[in-house]
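Below: one structure, written as structure tokens.
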Amino acid sequence: MRKALRWLLAFTVFIGTLSTATAATAAEPDATGTTDIEEQLLSIPGMSLIQEKPYTGYRFFVLNYTQPVDHRDPSKGTFQQRITVLHKDVSRPTVFYTGGYNVSTNPSRREPTQIVDGNQVAMEYRFFTPSRPAPADWSDLDIWQAASDQHRIFKALKKIYTHNWISTGGSKGGMTATYYERFYPRDMDGVVAYVAPNDVVNDEDSAYDRFFATVGTKECRDRLNGVQREALVRREPLEKKYAAYAADNGYTFDVIGSLDRAYEAVVLDYVWGFWQYSLLSDCDTIPADAKSATDDEIWDSVDTISGFSAYTDQGLTPYTPYYYQAGTQLGAPTINFPHIEKQYIRYGYQPPRNFVPRDIPMKFQPWAMRDVDSWVRHNADHMLFVYGQNDPWGAERFRLGKGAHDSYVFTAPGLNHGANVAGLVPDQKALATARILEWAGLSDATVARAKPLAAYDRKLDVRDVEREPALRP
């Protein structure tokens with residue numbers, strides 16, 4: 001009883017904190033009977049404005065929203081979570097976008113937002129700075145807590161944006177949208193998850209080996225394998241170059257443990273990174289004969305694709321939350337390198353634990369992904385998964401079972417980690433577009449046309465694949 005009373009008191013204090021987090025009051029209508037959207041947003045308890053950026057046809061807001069550190073225990077306090085709102089009209093559908101990492105503070109529009117010509121809400125994933133509690137209890141970083149962040153944001157904004165909502169995200173963001181649907185299946189009217197990995201059994205990764213044995217063409221695979229092997233054969237001279245590069249840029253290697261470990265990690269990401277970010281036509285940029293290439297040519301190719309800064313302390317630190325999640329719930333791939341003799345590989349694919357500071361405790365939860373995978377197979381409803389044929393992350397993907405309803409898994413031929421609905425074969429593209437329009441609650445005539453409602457905007461809709469190191473989805 002005492003425990004229950006303490007919890008109730010803590011919850012009451014927490015609600016009071018949220019209610020007084022900003023000086024905002026209920027938005028009042030103007031003389032025309034309407035209320036400015038900024039006033040409506042800031043009338044939400046816990047919502048505060050960081051800045052507004054102009055964009056023709058929209059209003060774009062960068063906001064902070066007060067969230068509980070632990071949705072199960074409000075007494076642990078609150079933190080400020082960044083979100084953005086690309087506002088078009090409260091009468092339009094709304095797309096809830098999650099990238100799974102930091103949120104961009106510049107106006108942009110994801111593919112489903114263009115398709116439905118709607119509003120867009122984007123959320124920064126908890127623990128990515130500045131959306132990190134202080135002090136940080138890393139046990140509060142898990143997929144349920146993040147889904148609960150989304151749930152609270154949705155409930156707050158649904159009072160303004162009352163029409164249908166669709167959630168979306170790419171890569172880790174696609175995973176995030178899927179987890180949100182698993183834990184809060186009544187919130188969204190549809191889900192569009194792009195290139196979302198699904199590592200159900202962390203220790204079983206043979207699907208990746210099968211992928212790399214057949215992807216693209218033999219000529220391209222041979223070129224990539226040759227450069228990767230040669231970078232390890234020439235380890236001594238190239239590590240001297242790496243040491244000079246690190247010294248020039250002030251890079252350190254405390255988290256991973258040594259320059260040698262970082263060097264091998266970058267090199268082993270090389271083939272994966274090419275297929276994640278590049279197209280088959282880009283194989284012409286890879287040295288055709290690695291053995292006769294100069295050291296600089298090998299270095300430049302690896303650096304362009306994998307990035308020699310990736311496993312420095314400076315490269316790892318911004319992504320500590322991702323590596324923590326990979327080592328506690330999401331899982332991480334391990335692959336073999338049959339084209340490289342064993343004497344050249346000292347560490348192999350290193351586990352996420354090696355990329356997280358040792359003072360942050362980690363324990364893997366093997367049931368987390370099994371639970372999500374089972375739920376999707378048996379309960380998916382109004383869910384669309386889009387993968388790229390040549391994207392390594394799609395080797396382990398979400399699949400649908402007999403319990404799924406009005407849900408689809410499509411693969412865009414020849415595409416990489418930037419696969420989208422526009423890249424699908426015509427019949428699948430039309431079907432996917434129609435389903436998104438219907439889930440958005442639009443008219444039968446609009447659904448039947450199966451075309452994006454908003455014209456392409458070269459600034460708002462440009463979607464280059466983010467050039468992150470390969471072993472981050």
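Kirkwood Rh over Cα pairs of the chain into Stokes-Einstein at 37 °C, 0.692 mPa s: D in µm²/s?
Once the numbers are plugged in, D ends up at 138 µm²/s.
Tell me, rounded to the nearest percent, the portion of alpha carbon pairs in region 207-276 spaced more than 20 Å apart.
39
Just subtract the alpha-carbon distance of A207 and D457 from 0.36 nm times their residue separation and send over the number in nm, one decimal. Intermediate values should be presented prior to the final figure.
On the way: separation 250, 0.36 × 250 = 90.00 nm, distance 3.77 nm.
Length gained between A207 and D457: 86.2 nm.
Could you tally the net charge around W165, taking each other residue with its Cβ under 10 Å from the Cβ of W165, Lys/Arg +1 and Asp/Glu -1?
Details: positive: K158; negative: D187, D189.
Net charge in that neighbourhood comes out at -1.
Which net charge results when you count Lys and Arg as +1 and Asp and Glu as -1 among the other residues whose beta-carbon is under 9 Å from that of T334? Before the final figure, lay out each step's value.
Values: positive: none; negative: D203, D205.
Charge balance in the 9 Å sphere: -2.
Hey, any idea what the orientation-averaged projected area of the convex hull of region 260-328's Cα atoms comes to, in nm²? List each step's numbers first, then the result.
Working: hull surface 22.3 nm².
The Cα convex hull of region 260-328, projected and averaged over all directions, gives 5.6 nm².
Can you flag which of K172/K218; K53/K451; K291/K429; K158/K429; K158/K363; K53/K363 are past 32 Å Cα-Cα? Mind dumping the intermediate values first?
Working: K172/K218 30 Å; K53/K451 29 Å; K291/K429 43 Å; K158/K429 29 Å; K158/K363 36 Å; K53/K363 42 Å.
With Cα atoms farther than 32 Å apart: K291/K429; K158/K363; K53/K363.
What is the sum of charges, Lys and Arg at +1 and Asp and Glu at -1, for the other residues whose Cβ falls under 15 Å from the Cβ of Q343? Before the final figure, lay out each step's value.
Values: positive: R229, R234, R235, K342, R346; negative: E230, E236, D260, E264, E341.
Taking every other residue near Q343 into account, the sum is 0.
Please report the Cα spread of region 167-237 along all three principal axes, rounded to whole Å, starting with the longest.
Largest to smallest, the principal-axis extents are 55, 27, 23 Å.
Roughly speaking, what % of Cα-Cα pairs in region 136-295 are separated by over 24 Å, rounded to a whole number? Before the final figure, lay out the partial values.
Details: 7401 of 12720 pairs.
Result for the distance tail: 58 percent.
What spacing in nm lies between the two simple spin-label points modelled at H378 and I345, each 7 Å away from Cα in the Cβ direction?
Distance between the two pseudo-spin positions: 3.7 nm.
Where does region 40-139 land on Rg(C-alpha)/(2.2 N^0.38 Å)?
Working: Rg = 14.4 Å, N = 100, 2.2 N^0.38 = 12.7 Å.
After normalising by residue count via 2.2 N^0.38 Å, the value is 1.14.
What nm distance separates the two modelled labels at R234 and L49, each placed 7 Å from Cα along Cα→Cβ?
Label at R234, label at L49, 5.6 nm between them.
Report the trypsin sites (Lys or Arg not before Pro) located in region 77-130 that are in a DSSP loop and have at most 13 other Cβ atoms inside 10 Å of their Cβ, or state none. Walk me through the numbers on the way to the answer.
On the way: sites: R82, K88, R109, R110, R126; in loops: K88, R109, R110, R126.
Here no loop site has a sparse enough neighbourhood.
At 1.4 Å probe size, with the rest of the protein present, what percent of the exposed accessible area of the chain is carbon and sulfur atoms? Let's see the in-between values first.
Details: 10530 of 20450 Å².
With neighbouring chains kept in place, the figure for the chain is 51 percent.
Any idea how far the Cα center of region 156-235 sits from the one of region 242-256, in Å?
One Cα centre to the other: 30 Å.
Give the accessible surface of the chain per residue, rounded to a whole number of Å², with probe radius 1.4 Å and ligands, DNA and RNA excluded. If you can, show how the numbers build up before the last one.
Numbers: 20450 Å² over 473 residues.
Using a 1.4 Å probe on heavy atoms only, each residue of the chain averages 43 Å².
Using the basic label-point model (7 angstrom from Cα toward the beta carbon), what is the L280 to N336 distance in nanometres?
Distance between label points: 2.6 nm.
With a cut-off of 8 Å between alpha carbons and a minimum separation of six or more residues, what is the relative contact order of the chain in percent? Could you put the intermediate results ahead of the total?
Working: 875 pairs, mean separation 74.1, N = 473.
Normalised by residue count, the contact order of the chain is 16 percent.
Explain nothing, just compute: Karplus ³J(HN,Hα) = 6.51 cos²θ - 1.76 cosθ + 1.60, θ = phi - 60°, for every residue of region 321-330 in order, whole Hz, x for Gly and Pro.
Values per residue, Gly and Pro as x: x, 5, 5, 4, 5, 4, x, 10, 9, 6 Hz.
Multiply the residue gap between A445 and W144 by 0.36 nm, knock off their C-alpha separation, and tell me the result in nm, one decimal place.
Values: separation 301, 0.36 × 301 = 108.36 nm, distance 3.80 nm.
Extending this stretch completely gives an extra 104.6 nm.
Kindly state, to the nearest 0.05, the FRET efficiency for E297 paired with D222, given R0 = 22 Å and r defined as their beta-carbon distance. Spell out each step's value before the answer.
Numbers: r = 16 Å, r/R0 = 0.74.
Here the calculated transfer efficiency is 0.85.
Restricting everything to alpha-carbon atoms, can you work out Rg to Rh for region 317-473 with a Kirkwood hydrodynamic radius? Intermediate values should be presented prior to the final figure.
Working: Rg = 19.5 Å, Rh = 18.8 Å.
Answer for region 317-473: 1.04.
What is the distance in Å between the Cα centres of region 110-141 and region 403-429?
24
Rounded if a/c is under 1.5, else prolate if a/b is larger than b/c, else oblate: which is region 367-456, with a ≥ b ≥ c the root eigenvalues of its Cα gyration tensor?
Oblate, since a/c reaches 1.5 and b/c is not below a/b.
Looking at Y184, T56, A146, which one has the Cα that reaches farthest to the positive end of the dipole of the chain (charges on Cβ: Lys, Arg +1; Asp, Glu -1)?
Y184
Using only the alpha carbons, work out the radius of gyration and Dmax of region 312-384 in angstrom.
Both quantities, over Cα of region 312-384: 16.3, 50 Å.
Going through region 143-234, which GluC sites (Glu not before Pro) have at most 13 other Cβ atoms within 10 Å and a DSSP loop state?
Details: sites: E181, E204, E219, E230; in loops: E204.
Passing sites in region 143-234 are E204.
Taking each pair of different alpha-carbon atoms in region 389-431 once, compute 1/r for the pair, average those values, and report the inverse of that mean as the Kirkwood hydrodynamic radius in Å to one decimal. Intermediate values should be presented prior to the final figure.
Working: mean 1/r = 0.0875 Å⁻¹.
The answer is 11.4 Å.
The values are calculated or read from the model by the stated rules, or taken from the named source; none is laboratory data. Computed from a prediction, not measured in an experiment: that's the story for all the values here. Using ideal geometry, Cβ is built from the backbone for each residue, glycine included, and neighbour counts are taken over all protein chains shown. Surface accessibility is based on the protein's heavy atoms, side chains included, excluding ligands, DNA and RNA. Shrake-Rupley method; radii C 1.70, N 1.55, O 1.52, S 1.80 Å.
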